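Have a look at the structure below before the remarks.
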């Protein structure tokens, strides 16, 4: 057995997923700023007094020190510090659900090394904006994150111009179609010409909301709460688009928290979760 010291890396990281192993340990999947995707084992992290326990909670931004042994798929977590917990000040159901849904998307829909550049910064911006999002604004922030994730992977839907003919779309134009197969919004003329095009009709208000969310800068304040009919449409449209274009995508399990109770709809429910349940 080699007694040589193992190389160690230190990096800011987002905890994506954890699962127990052995009697008290935890395996964590991370997206790190400097090393990309990493898996670590945190020995005894499930112990109530473990210093590693706060560092392996999904959705937290942390600075970690871990081994970096080449060709090893599982590194050892040595220690670190907590940088940001988006739920520390206000852990509402909506904020918790959309936070965990975002990290699940990042964990499942991995772009590969060529597409990882900028991914950590995108996630970090989302976490910081979520911390100060107004009540009711979490859904819009999550939809903006989904659009930014698609853009970061080169799959952003065409919104300002027709995905079929490239003609600019006018704000007053009606009869728009949102088609995942075409790659975005299809104008009225192309919709008629392509008769069998599959998709979902897109009203002007929802189209404007899509364009506004796609144009948000990472440092901009969280968007204002969306009207419920618009939020519902946005959730369904993006769910369908992600399912068509992102390998490995499925509706994040965390959004089950926002499913409506049997007695009636919930004010904070996610429309994509509602659609999944009814389909």
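Binning the C-alpha pair distances of segment 42-192 at 5 Å intervals from 0 yields a P(r) profile of 2, 8, 13, 14, 15, 14, 12, 8, 5, 4, 3, 2, 0 %, listed from the shortest bin outward. Using R0 = 51 Å, the C-beta based FRET efficiency linking residue 211 and residue 24 works out to 0.55.
With contributions of -39500 (n - 2.57) from each DSSP H run of at least four residues, the per-residue ellipticity at 222 nm computed over the chain stands at -10000 deg cm²/dmol. From largest to smallest, the equivalent ellipsoid semi-axes obtained for segment 104-169 from the alpha-carbon gyration tensor read 24, 19, 9 Å. Legend: Rg and Dmax of the chain, from Cα coordinates, 20.7, 72 Å. What shape does segment 8-84 have by the C-alpha gyration tensor, where a ≥ b ≥ c are the square roots of the eigenvalues, rounded means a/c under 1.5, and otherwise prolate means a/b greater than b/c and oblate the rest? Note, shape of segment 8-84 comes out oblate. Out of every Cα-Cα pair in segment 104-229, what percent are more than 26 Å apart? Value for segment 104-229: 29 percent of Cα pairs lie more than 26 Å apart. Extending 7 Å from the Cα toward the beta-carbon at both residue 160 and residue 83 defines two label points whose distance is 3.1 nm.
Set against the 2.2 N^0.38 Å expectation for a compact globular protein, segment 81-128 has a Cα radius of gyration ratio of 1.27. When DSSP beta bridges are restricted to pairs lying wholly in the chain, around 90% turn out antiparallel.
The value of relative contact order for the chain, using C-alpha pairs under 8 Å at least six residues apart, is 15 percent. Going by neighbour counts of Cβ atoms within 10 Å, the residues 24, 206 line up, fewest first, as 24, 206.
Each value in this text was obtained by applying a stated rule to the coordinates, not by laboratory testing. Everything quoted here is computed from the prediction, not taken from an experiment. Every residue, glycine as well, gets a Cβ built from its backbone with ideal geometry; the counts of neighbours run over all protein chains shown.
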